[in-house]
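A short write-up of the structure that comes next.
The values are calculated or read from the model by the stated rules, or taken from the named source; none is laboratory data. All of these numbers come straight from a predicted model, not from anything done at the bench. Note: ideal-geometry Cβ built from the backbone for every residue, glycine included; neighbour counts use all protein chains shown. When the accessible area is computed, the model is the full protein with side chains, heavy atoms only, and any ligands, DNA or RNA have been set aside. Shrake-Rupley method; radii C 1.70, N 1.55, O 1.52, S 1.80 Å.
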Amino acid sequence: MLVFLLFTGVHAGAQPPAVRAPIQYTVRFPAAKNNYVDVEARVPTGGRASIEMMMPVWTPGSYLVREYARNVEALAAASGARPLTIEKTTKNRWRVTTLGAPEVTLTYRVFSHELTVRNNWVDADFALLNGAQTFITLADDGGPRQHEVRLELPPAWKTSVTGMPDAPDGQPNHYRAPDFDTLVDSPIVAGNPAIHRFTAAGKPHLLVDVSEGGVFDGERAARDLERIVSADAALWGGLPYDKYVFFNLLTGTSGGLEHRNSVMMMESRWTQGTRAAYLGWLSLASHEYFHLWNVKRLRPIELGPFDYEHEVYPRSLWVSEGLTDYYADVQLQRAGLSSRGEYLAQLSSAIRALQTTPGRLTQTVEMASFDAWIKQYRPDENTLNTVISYYTKGAVLGFVLDARIRAASKETKSLDDVMRLAFARYSGAHGFTPQQFRDVASEVTGTDLGPWFARALDSTEELDYSEALDWFGLELRAPPALADPAGWLGVKTRVDAGRLIVANVPRATPAFDAGVNPEDEILAIDDFRVAADQLEKRLESYKPGDKITLLVARREELKRLPVTLGTEPVDRWNLVVRSDATPEQRAHLGRWLGNR
């Protein structure tokens, strides 16, 4: 017993470990009109002679090193009224000499003028603060530490909202995160947003709209979000939070970034003006909300514990992002927010995007995930030839894999069951490996899916859609062939200051074979001038097989490039329900998407 007590540390009169003093931030906006936020951080030293402070270089969910410390200004340290020496040691670290002080105070300003979901924005009207871009913390702190945030708002601002827990004192604009991960994962919006509250699955939810402008109907959006939440709660068997916040910044920009119990979205206030635009917003919300389970809790093993200073290299973003993209629109169907035709059109778009991207034959989907840091967020003029999006291919893989599981198990199992079992096993502290996810899928299906995964994930073989189409009674239909097709160049262009500029040159096109380069300026065909907006019209005068001479300007030199025009590939990626689909196939379709 004595040995047991010695090794476990359990003995009579044992005291619980001491609660470590929190880092306390006070956030002020004295220069909001100039896009600055001021931060004061009271940092316990633990009696050390010096402390090392750190700011993240990237933020979870956005896989690119963004060097947030570049926006920090006027960083200073003090103990009471006594200035302390602070030395920058790396691009995002600082060492503070404490002189034995039990606590030091850092003060600094952050320039905040990048209106994206992963950065900060501050102006006279409102503030968006993301944790990684705002808060400097102790480096190598040795374990979780609470981080408190108190905001002092300008007189014209009424409130702030975050998914972070309220501080125990219950004071407005005062929050306490149990650790730095929670602080980073809890964006804050301050100002005068419109707040729409609703309850779903017994939990409170907030839709926080910035800049509705009397145009965006927040109450309507909240009602539709409630249906999405309810559909996802039914799939997963409940909601793993006390409250959830949908931030919706109607700023004219676009994007979404998931958090543990909130999401940051950006769109136009006019997004409800058309059915297509509003369905796109609902799809974005559905995608980001599904991340609540798939990535924020069920995550690739490489994503945690978070290393905020270095790249990490997951191979399973096709699961985290691609399958989330697949479910985003499936769940809209199940929630009754889209029609069957609208869903099939969306899935058709994903298949079309995959099948018309030459990069699918160059890069595997697992390598697309691994290379996200250097490719996904850094596209260039040759990206379409060398990269496939793990969002796009992952979504299409979801469709094909779901059908395979349903067919192999005779409709007793589905991809839903795979996600639930993976969540039950791997949503804890360590995440899943690529092989573990494959094994779970095989276990649920009752058959070895290893060879299928090897082709789908580890190779650049074309996907086989036949099993999925047959199971659901679908077909990929091409439009009627044109009786008199025009000649096809295959180049993608943009108009720049009245000039016709080559943006991309896809492989396996006449333009690629002829040596047309990105950034070439197209001037003429057969020595006849081509206006910047008339290329397609001019090509209608030629037939497939015709030989032309393309006059381009490249680095201020004129070049004549012989081109043999081709025939534009037929768009055969339109999913429709077969007219001769059997009752059994239609039943499969109904069980997949909901019998509505």
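For the pairs 33/375; 158/203; 158/243, flag any whose C-alpha to C-alpha distance is greater than 29 Å. Correct reply: 33/375.
Using the reciprocal of the averaged 1/r over all distinct C-alpha pairs, how large is the Kirkwood radius of the range 300-426 in Å? List each step's numbers first, then the result.
Working: mean 1/r = 0.0630 Å⁻¹.
Mean inverse Cα-Cα distance, inverted, gives 15.9 Å.
Applied to the range 408-414, the Karplus parametrisation 6.51 cos²θ - 1.76 cosθ + 1.60 on θ = phi - 60° returns per-residue 3J(HN,Hα) values of 5, 9, 6, 6, 7, 9, 8 Hz, with x for Gly and Pro. Between the range 291-329 and the range 408-481, the C-alpha centres lie 17 angstrom from each other. Taking only the C-alpha atoms of the range 237-319, the Rg (one decimal) and the largest Cα-Cα distance, Dmax (whole number), read 14.8, 42 Å. Taking chymotrypsin sites (Phe, Trp or Tyr not before Pro) across the range 398-461, none is in a DSSP loop with at most 13 further Cβ atoms lying within 10 angstrom of its Cβ. For a Förster distance of 22 Å, can you work out the FRET efficiency between the beta-carbons of residue 430 and residue 95, rounded to the nearest 0.05? Result of the calculation: an efficiency of 0.10. Considering only alpha-carbon pairs that sit under 8 angstrom and 6 or more positions apart, the relative contact order computed for the range 457-572 is 27 percent. Computed extension gain for residue 470 through residue 107, at 0.36 nm per residue and net of the alpha carbon distance, reaches 124.3 nm.
Based on the convex hull around the alpha carbon atoms, the range 90-155 presents an average projected area of 6.6 nm². Taking all protein chains into account, the per residue accessible area for the chain stands at 43 Å² (1.4 Å probe).
Note on residue 543: lysines with a C-alpha under 24 Å away, same-chain residues under 8 apart excluded, are 492, 559.
Kindly list the residues of the range 168-199 that lie in the label zone of residue 217, defined by a backbone N under 20 Å from the point 7 Å along the Cα-to-C-beta vector. Under cut-off, by backbone N: 194-199.
Under 19 Å from a label point set 7 Å out along the Cα-to-Cβ vector of residue 458, the amide N atoms of the range 339-381 belong to 361-371.
Report the calculated FRET efficiency for residue 508 and residue 31 (r = Cβ-Cβ distance, R0 = 41 Å), to the nearest 0.05.
Computed FRET efficiency for residue 508 and residue 31: 0.15.
Each peptide in 260-273, 546-559 receives the mean, over its residues, of other Cβ atoms within 10 Å, and ordering these scores from highest gives 260-273, 546-559.
Given the -39500 (n - 2.57) contribution per DSSP H run of 4+ residues, what per-residue ellipticity at 222 nm results for the chain, rounded to the nearest 500 deg cm²/dmol?
Result for the chain: -8000 deg cm²/dmol, rounded to the nearest 500.
In this simple spin-label model, placing a label point 7 Å from the Cα along the Cα-to-Cβ direction at both residue 411 and residue 377 gives a separation of 4.4 nm. Counting only residues at least eight positions apart within a chain, or on another chain, the lysines with an alpha carbon under 27 Å from that of residue 413 are 296, 393. Using C-alpha pairs under 8 Å with a sequence gap of at least 6, the mean separation divided by the residue count of the chain gives a relative contact order of 9 percent.
Considering only Cα atoms, the convex hull volume of the range 467-570 works out to 130 Å³ per residue.
Measuring max minus min along each principal axis, the C-alpha atoms of the range 421-463 give extents of 35, 21, 12 Å (largest first). Each Cα pair under 8 Å and six or more residues apart adds its separation to the average, and for the range 341-430 the resulting relative contact order is 26 percent.
Summarised in one figure, the compactness ratio Rg/Rh of the range 239-282, Cα atoms and Kirkwood Rh, is 1.05. Is the shape of the range 143-257 rounded, prolate or oblate, going by the alpha carbon gyration tensor and its root eigenvalues a ≥ b ≥ c, with a/c under 1.5 for rounded and a/b larger than b/c for prolate? Taking the square roots of the gyration eigenvalues as a ≥ b ≥ c, the range 143-257 is oblate. Here the range 182-328 was treated as a single set of alpha-carbon atoms; its pair distances binned every 10 Å from 0 give 11, 41, 34, 13, 1 percent. Remark on the range 365-517: Rg and Dmax equal 20.4, 61 Å (Cα only).
Once you reduce the range 486-523 and the range 524-596 to the center of their Cα atoms, the two points are 13 Å from each other. Protein heavy-atom surface of the chain, 1.4 angstrom probe: 52% of the accessible area is carbon and sulfur, with nucleic acids and ligands not counted. Summed over all non-identical Cα pairs, the Kirkwood treatment of the range 22-169 gives a radius of 16.0 Å.
Can you tell me what percent of all Cα-Cα pairs in the chain are more than 38 Å apart?
Value for the chain (Cα pairs over 38 Å): 43 percent.
Note that the range 445-451 has calculated 3J(HN,Hα) couplings of 6, x, 8, 6, 8, x, x Hz, one per residue in order, obtained from phi through the Karplus relation 6.51 cos²θ - 1.76 cosθ + 1.60 (θ = phi - 60°); glycine and proline are x.
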